[in-house]
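Below you'll find the structure, written out as structure tokens, and then a few comments.
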Amino acid sequence: MNHSLKSLFQIMATASTEEELRFRFMDNITEQFAVQKWGCYLTDEDNNLLSYDVKGVSDRFVERYQKFGKSVDPVLKYVLEYHAPAHEELVLPPGTWKQSELYQRCCSEQDHEHIMTGPIVGNGQLIGTIHFARIADTPSFNTQDLIKLSSICLHLSACLASLRTSQPNPNVKLLTKREIQIANLVAKGLTNAQIGQELWISQNTVKQALKRIFRKLEVASRTEMVMKLRHILTIAQN
């Protein structure tokens, strides 16, 4: 095994929090690939973006990609289907990258000469992706890059799963018993009206409780709330 690759695995494995894991990954991954731009995106089970860390690209590009590029990204489509890393030359006919919708919509203005994406997996589902881009007159990604990225994705997924399952989430301490009940019902897919009926409280009471939960957890959506509390909610249901 490549010594620097082994060092990266050790650096990630000793992270004590999910945030630290992401920072360590972002700060040490570039030496593994000759890339100028890279990012780590965490999503929910429906592939909705929850958080991201990027280097070399702006928040504006991330927003543009989410709005215009994601739906036509052939590399991401491959990763979603097979849970395996891919680059543009693996999934597109030779010489057609710059004619693709993704390149025309997003990557042309960023000079993304080559791109590669890898999966972050949890509980049998895609919960994130790793993205790399090479610019200008750089060589394309190759088979060795895919093998290396596959190994990195495996270790990153395992580290993330370990942190999410083994450590108590401190955010739950901020919630009351009633708020945890409501969060559990949200996680089951119930609407505010259905939660009100289940708990014998008004729909407005549910709405106000969710506002408090969002504020306490510093989240902006029901999906983000559930993801932040997902393992605590599972424990609470047992």
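The values are calculated or read from the model by the stated rules, or taken from the named source; none is laboratory data. Since the model is a prediction, treat every value here as computed from it, not as a measurement. Cβ coordinates were reconstructed from backbone atoms using ideal geometry, including for glycine residues, and neighbour counts include every protein chain displayed.
A few notes on this one:
- If you go through the stretch 79-91 and keep only what is surrounded by fewer than 19 Cβ atoms within 10 Å (Cβ to Cβ) and closer than 22 Å to residue 139 by Cα, you end up with 84, 89, 90, 91.
- Residues of the stretch 82-126 that are in contact with a strand residue (DSSP E or B) (Cβ under 8 Å, 6 or more places away or on another chain) and of a type in the set (Val, Ile, Thr): 115, 117, 120, 121.
- Within the stretch 129-150, residues that are of a type in the set (S, T, N, Q) sit with their Cβ atoms under 7 Å from residues that are assigned to a loop (DSSP other than H, G, I, E, B), at 6+ positions apart or across chains, in these pairs: 138/34; 150/84; 150/85.
- In the stretch 175-219, residue modelled with the highest pLDDT [restricted to those that are part of a loop (DSSP other than H, G, I, E, B) and within 18 Å of residue 45 (Cβ to Cβ)]: 190
- Filtering the stretch 30-56 to residues that are modelled with pLDDT under 90 and touching a Cys at 6+ places or on another chain (Cβ under 8 Å) leaves only 52.
- One residue from 160, 102 being part of a helix (DSSP H, G or I) and within 21 Å of residue 77 (Cβ to Cβ): 102
- Residue within the stretch 156-166 that is out of contact with any strand residue (DSSP E or B) (no Cβ under 8 Å at 6 or more places or on another chain), closer than 21 Å to residue 50 by Cα, in contact (Cβ under 8 Å) with a residue 12 or more places away in the chain and among the hydroxyl-bearing types (Ser, Thr, Tyr) present: yes
- Across the stretch 51-63, the number of residues qualifying as buried (at least 17 other Cβ atoms within 10 Å of the Cβ) and of a type outside the set (Val, Ile, Thr) comes to 2.
- Residue within the stretch 103-115 that is out of contact with any Leu (no Cβ under 8 Å at 6 or more places or on another chain), surrounded by 17 or more Cβ atoms within 10 Å (Cβ to Cβ) and touching a residue at least 60 places away in the same chain (Cβ under 8 Å) present: yes
- Residue 22, sole failed condition from (1) touching a residue at least 40 places away in the same chain (Cβ under 8 Å); (2) in contact with a strand residue (DSSP E or B) (Cβ under 7 Å, 6 or more places away or on another chain); (3) in a helix (DSSP H, G or I); (4) surrounded by 16 or more Cβ atoms within 10 Å (Cβ to Cβ): (1)
- Each residue in the stretch 22-79 was checked for being over 18 Å from residue 134 (Cα atoms) and β-branched (Val, Ile, Thr), and 3 of them qualify.
- Residue, farthest from residue 148 (Cα to Cα), within the stretch 71-96, restricted to residues that are part of a helix (DSSP H, G or I) and free of Cβ contacts under 8 Å to residues at least 12 places away in the same chain: 71
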